[in-house]
Amino acid sequence: MTDKRPDPDALLARVQERPAIEARGKLKLFFGAAAGVGKTYAMLEAAREKRADGVDVVVGHVEPHGRPETEALLAGLEIRPPRLVEYRGATLRELDLDGALARRPGLILVDELAHTNAAGSRHAKRWQDVVELLDAGIDVYSTVNVQHVESLNDVVAKITGVVVRETIPDSVLDRADELELIDLPPDDLLERFRDGKVYVPGQAEEALRNFFRKGNLIALRELALRRTAERVDAQMRSYMRDHAIGAVWPTAERLLVGVSASPFSVRLVRAAKRMAERLGAEWWVAYVETPAQLRLPPEAKDQVAQTLRLAESLGAKTVTLTGARMSDEILAFARQRNVTRVVVGKPQRSLWKRIVLGSIVDALVQGSGDIDIAVISGDKEEPAPTPARRRLAPTDWSGYMEAVATFVVATGLARLMFPLFESANLVMVYLLGIVFVARRHGRGPSLLASVLSVAAFDFFFVPPHLTFAVSDVRYLVTFLVMLLVGLIISGMTIRIRSQTEAVREREQRTAALYALSRELASARGVAELLRITVRHVGDVFRTHAVVLLPDGGRLTVRSEPGGDAALDANELGVARWVFEHGQPAGLGTDTLPGASRLYVPLRVPRGCVGVLGVRPSDAHAFDTPERLHQLETFANQTALAIERARLADEAQDTQVRIETERLRNSLLSSVSHDLRTPLATITGAATTLLEQGGRLDAPTQRDLLESVREEADRLNRLVQNLLEMTRLESGALELRKEWHSIEEVIGAALRRLDKRLAGRRVTTRVLPDLPLVAMDDVLIEQVLVNLIDNALKYTPAGSPVEIIATATDQAITVEVADRGPGVPAGQEQKVFEKFYRGQPGDGRGAGLGLAICQGVVRAHGGRIWAQNLPGGGVAFLFTIPLTEAPPVKSIHE
């Protein structure tokens, strides 16, 4: 009888997961076929009911689309302010995720789950914001349309001719604790469109001509209904599993077809296909690997592989089960999948064989309970194929020899025990030998050991001794029981060994997939990912593998240097077909079977990213669907890893573009202001001199000319800073190092700023006997000018400036200190970034001076930093390394 108890490991895993599930927020999705069916309206109505029940409800983001009835439902609800994002001249309103997490309501409404967030947001998609809210323990109501479900994206594109770019993973839909279908007949929805209740009139007419045609809406409605039914069915099966409900609830027709190595199985699959179509039922084809099936000849295994491949081509889901009895495994799988009808073929055994050996049909009928068992003969118009003659495997004589040796050892041990122990103990010795032989060898050696053990026990230990005669007929029962027990023990041992080998093989496959996933997760770069994939695929499947990725419109081998030489034009053509169609092809398939390799696509939700090609040492290595599915699983893991690496590169490129855009905007805003101010002053002074020069006295004319010169100098400094920054970032800066005294460079910088330093007390402290320094004196002078100019800009008029120069054995250190407000705490390094200003909008520079200082100092091999002074003010310090001693001039020079 089938064990109907739930799997204890599965129950334990669900119990362990329960605390984490209970700590998460609950997600309810309002699911519809298209825009305008009333999802947002239904969500707001449900939220108002929750609020009436005392739940803390907050509106995180809702799009009423100008519908008065929807906006009326927002009245009285707390609405979180949106996060405003400036993007390409427009202001976008996004969900304020941090504000929602800080507010931490009992329930938050987040409309349009598939929405793509504006650039610069923490998450690229709104569904990722919702997942973070759920992980924080906040319940969420949200809305989504069926065309936004990732797995249905291709189907929707075929129906409507429109590729939907904004999608959500199916895992998000499956994670929803409640899925409420908001349904509206297509005619009613079209009427809403015409009345302008969905889009404004101009957009509504365009939508009705394209996406929202009646045929499209009918198809989308069916997709929504089916997806909702699948979700409800999954919840029902989960409930049945959690509550250990073994009975089948026939909510929908599901067929399970049991096949074997019989050639009649092909006919059975075709007949079951027609039955599934008539019933509109989902169907599976199952093959059970019993210990007897594991010993099948290659021809029979090929027959099974062909049957399973035919089933998949007809739309069935195939599964290979492992167990001792076919009926038990088929019924267990049927109950797990809530199958309503099991289809098997008519038994081929004769009546006496069914009575003696049993029949799978009888076993299924006895254990089926409320599952219907259909026994059919398949396609009657086809002639019954002749079963292939079973080829005998070569005999393993070593096993038989070991069986004889074990029998001899057991007999010797029993002979030693004979005077001291009863006959039952001697039987145990022989049974132990039988178990030993069965554990190491097959059925034949264990059967030989059983027969020899019974004969030896009769010959040596049953009176009259040393003859096969039996004086007491009761010993005949002992012989029979001993033989049966030996055969049963050997059979069970062989069965356990076969099952252990099957489990070990599956465990190795799982371990290989886990090892691949773990290495791919820690790999960096596509090249490393491909090396890992090729190595694992080659080890697990014993093949030579290559990975082809698109490059400039063509597929190239990227997994090995010069790999294109290993593939001729025909092989590349097969790979191109696989890449374009997203289906396996090549060796062992029905598509382009003449290829020397099997090619499988590397598929991701966004499409195909490449092709995996394998050349197995055995041409029939991938004949079984299970083996092919395992290869496809490896390919899927590789595709996801490649996609992840590319997304990381795209994210980095996007970040660079965002930073570039930010710098460009900062440059334009800074330069436009700093250019406009001096130009306005120069223009005003020059205009005044031209128009009223004759009426102005000499001092006024001199002041105006002085203003023109000062603003021209300011403009010149700005242009020079921009040019210097361009040279630094382009790598065009060339140092012209010569031996100079740092004291002379400080003096030259002070002379350049002589007029601006009027009214300031400048203190210079340069230690005597400072060594000469190898430096570009012009650039270091510019560093000092920028540092002193920075001190003049950000300190009160009349405050002192101090310049200090010291030296160690390794470097010269120069310090420029002021007594101003200092640098805000934590901003000591940020002040050296481009376009950074201590007080934004103060108009005192473009924020390039300190960045240029940092670039010049680093080019000399030194470093620059800022530190606030204890008594107020800030000191900027930079070093110039003393890499070598200055040259010593001869006294004769």
Inset, instruction - Go through region 316-345 and count every residue that is under 34 Å from the mean Cα position of the chain (by Cα), closer than 22 Å to ARG267 by Cβ and open to solvent by 40 Å² or more (accessible area, probe 1.4 Å). - result: 1
Inset, instruction - Return yes or no: is LEU848 more than 13 Å from ALA875 (Cβ to Cβ), open to solvent by less than 20 Å² (accessible area, probe 1.4 Å), modelled with pLDDT of 85 or more and under 54 Å from the mean Cα position of the chain (by Cα)? - result: no
Legend entry - Residues located in region 692-735, provided they are of a type in the set (D, E, K, R), at pLDDT below 65 and open to solvent by 50 Å² or more (accessible area, probe 1.4 Å): ARG727, GLU729
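Can you give me the ranges of the helices (runs of 4 or more DSSP H) entirely in region 71-180 with at least 2 residues that are under 20 Å from ALA46 (Cβ atoms) and either under 25 Å from the mean Cα position of the chain (by Cα) or of a type in the set (A, V, I, L, M) (or both)? Before the answer, list the steps.
Working: elements: 97-103, 126-135, 153-160, 170-175.
Per the criteria, 126-135, 170-175.
Listed residues ALA449, ALA512; which is part of a helix (DSSP H, G or I), under 30 Å from ARG558 (Cβ atoms), modelled with pLDDT of 75 or more and small (Gly, Ala, Ser)?
On the way: ALA449 fails: under 30 Å from ARG558 (Cβ atoms).
Matching residue, one of ALA449, ALA512: ALA512.
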Inset, instruction - All but one of (1) buried (at least 19 other Cβ atoms within 10 Å of the Cβ); (2) modelled with pLDDT under 85 hold for GLU505, so report the exception by its number. - result: (1)
Legend entry - Within region 515-554, considering residues that are among the hydroxyl-bearing types (Ser, Thr, Tyr) and more than 16 Å from ASN636 (Cβ to Cβ), the one modelled with the lowest pLDDT: SER522
Legend entry - Selection status of THR764, of a type in the set (Ser, Thr, Tyr), within 15 Å of ALA866 (Cβ to Cβ) and out of contact with any Ser or Thr (no Cβ under 7 Å at 6 or more places or on another chain): no
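Output yes when any residue across region 836-843 is in contact with a His (Cβ under 8 Å, 6 or more places away or on another chain) and either modelled with pLDDT under 85 or of a type in the set (Ser, Thr, Tyr) (or both), and no when none is.
Going residue by residue through region 836-843, those that are in contact with a His (Cβ under 8 Å, 6 or more places away or on another chain) are 843.
Now drop any that are not either modelled with pLDDT under 85 or of a type in the set (Ser, Thr, Tyr) (or both), which leaves 843.
Scanning region 836-843, I find at least one residue that is in contact with a His (Cβ under 8 Å, 6 or more places away or on another chain) and either modelled with pLDDT under 85 or of a type in the set (Ser, Thr, Tyr) (or both), so the answer is yes.
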Inset, instruction - Tell me which residues, restricted to region 743-772, are β-branched (Val, Ile, Thr) and either surrounded by 13 or more Cβ atoms within 10 Å (Cβ to Cβ) or more than 20 Å from ASP789 (Cβ to Cβ) (or both). - result: VAL745, ILE746, VAL762, THR764, VAL766
Inset, instruction - Could you identify the single residue in ALA52, ALA72, ALA100, ALA118 that is surrounded by fewer than 15 Cβ atoms within 10 Å (Cβ to Cβ), among the small types (Gly, Ala, Ser) and over 22 Å from PHE31 (Cα atoms)? - result: ALA52
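For the condition more than 30 Å from VAL319 (Cβ to Cβ), at pLDDT below 75 and out of contact with any helix residue (DSSP H, G or I) (no Cβ under 7 Å at 6 or more places or on another chain), what is the one hit in THR683, THR687, THR677?
Working: THR683 fails: at pLDDT below 75; THR687 fails: at pLDDT below 75.
Going through THR683, THR687, THR677 in turn, just one is more than 30 Å from VAL319 (Cβ to Cβ), at pLDDT below 75 and out of contact with any helix residue (DSSP H, G or I) (no Cβ under 7 Å at 6 or more places or on another chain): THR677.
Within region 148-156, identify whether any single residue is in contact with a Phe, Trp or Tyr (Cβ under 8 Å, 6 or more places away or on another chain) and β-branched (Val, Ile, Thr), and answer yes or no.
no
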Inset, instruction - Could you check how many residues of region 602-627 are open to solvent by 10 Å² or more (accessible area, probe 1.4 Å) and in contact with a Pro (Cβ under 7 Å, 6 or more places away or on another chain)? - result: 2
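Determine which member of the set ALA23, ALA13, ALA33 is within 28 Å of the chain's Cα centre (by Cα), modelled with pLDDT under 90, closer than 30 Å to LEU184 by Cβ and surrounded by 10 or more Cβ atoms within 10 Å (Cβ to Cβ).
On the way: ALA23 fails: closer than 30 Å to LEU184 by Cβ; ALA13 fails: closer than 30 Å to LEU184 by Cβ.
Within the list ALA23, ALA13, ALA33, the selection yields ALA33.
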Legend entry - Options ARG702, ARG714; residue that is without any contact (Cβ under 8 Å) to a residue 12 or more places away in the chain, out of contact with any Ser or Thr (no Cβ under 6 Å at 6 or more places or on another chain) and among the charged types (D, E, K, R): ARG702
Inset, instruction - Could you please find all residues in region 299-352 being β-branched (Val, Ile, Thr) and part of a helix (DSSP H, G or I)? - result: VAL304, THR307, ILE330
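Filter region 575-615 for residues that are part of a strand (DSSP E or B) and charged (D, E, K, R); which is nearest to ASP539 (Cα to Cα)? Even if it seems obvious, please write down each step before you answer.
Quick first cut of region 575-615, residues part of a strand (DSSP E or B) only: 585-586, 598-604, 607-615.
From what is left, the residues that are charged (D, E, K, R) are 603, 615.
Numbers: ARG603: 22, ARG615: 12 Å.
Per the criteria, the residue is ARG615.
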Inset, instruction - Of all residues in region 130-162, count the ones that are open to solvent by 10 Å² or more (accessible area, probe 1.4 Å) and not hydroxyl-bearing (Ser, Thr, Tyr). - result: 19
Legend entry - Where VAL778 falls short, out of the listed (1) open to solvent by less than 80 Å² (accessible area, probe 1.4 Å); (2) modelled with pLDDT of 80 or more: (1)
Inset, instruction - Just name the residue that is modelled with the lowest pLDDT out of those in region 555-601 that are open to solvent by 50 Å² or more (accessible area, probe 1.4 Å) and closer than 24 Å to LEU640 by Cβ. - result: GLU560
Legend entry - Qualifying residue in region 285-297 (condition: at pLDDT 80 or above, basic (Lys, Arg) and open to solvent by 50 Å² or more (accessible area, probe 1.4 Å)): no
Legend entry - Filter pass, GLN655 being under 23 Å from GLY525 (Cα atoms), without any contact (Cβ under 8 Å) to a residue 40 or more places away in the chain and surrounded by fewer than 16 Cβ atoms within 10 Å (Cβ to Cβ): yes
Legend entry - Residue count, region 800-822 (criterion: buried (at least 20 other Cβ atoms within 10 Å of the Cβ) and of a type outside the set (Gly, Ala, Ser)): 6
Inset, instruction - Could you tell me which residue of region 389-446 is surrounded by the fewest Cβ atoms within 10 Å (Cβ to Cβ), considering only residues that are modelled with pLDDT under 80, β-branched (Val, Ile, Thr) and in a helix (DSSP H, G or I)? - result: VAL435
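Looking only at region 781-799, how many residues end up being open to solvent by less than 10 Å² (accessible area, probe 1.4 Å) and not in a helix (DSSP H, G or I)?
So in region 781-799, the residues open to solvent by less than 10 Å² (accessible area, probe 1.4 Å) come out as 783-785, 787-788, 791.
If we keep only those that are not in a helix (DSSP H, G or I) too, we end up with none.
The total comes to 0.
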Inset, instruction - Tell me which residues, restricted to region 747-768, are touching a strand residue (DSSP E or B) at 6+ places or on another chain (Cβ under 6 Å) and closer than 18 Å to ILE880 by Cβ. - result: THR764, ARG765, VAL766, LEU767
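Every residue, every condition in (1) closer than 17 Å to VAL435 by Cα; (2) polar (S, T, N, Q), yes or no:
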| site | (1), (2) |
| --- | --- |
| SER446 | yes, yes |
| ALA449 | yes, no |
| VAL454 | yes, no |
| PHE457 | yes, no |
| PHE460 | no, no |
| PHE468 | no, no |
| ARG474 | no, no |
| THR478 | no, yes |
| LEU483 | yes, no |
Inset, instruction - Report whether or not ALA276 is surrounded by 20 or more Cβ atoms within 10 Å (Cβ to Cβ), in contact with a Phe, Trp or Tyr (Cβ under 6 Å, 6 or more places away or on another chain) and not in a strand (DSSP E or B). - result: yes
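The values are calculated or read from the model by the stated rules, or taken from the named source; none is laboratory data. It should be emphasised that the depicted structure is a prediction, and the values quoted were computed from it without experimental measurement. Because the Cβ atoms are built from the backbone with ideal geometry, glycine has one as well, and the counts that use them run over all protein chains shown. The area values use the complete protein model at the heavy-atom level, side chains included, leaving out ligands, DNA and RNA. Shrake-Rupley method; radii C 1.70, N 1.55, O 1.52, S 1.80 Å.
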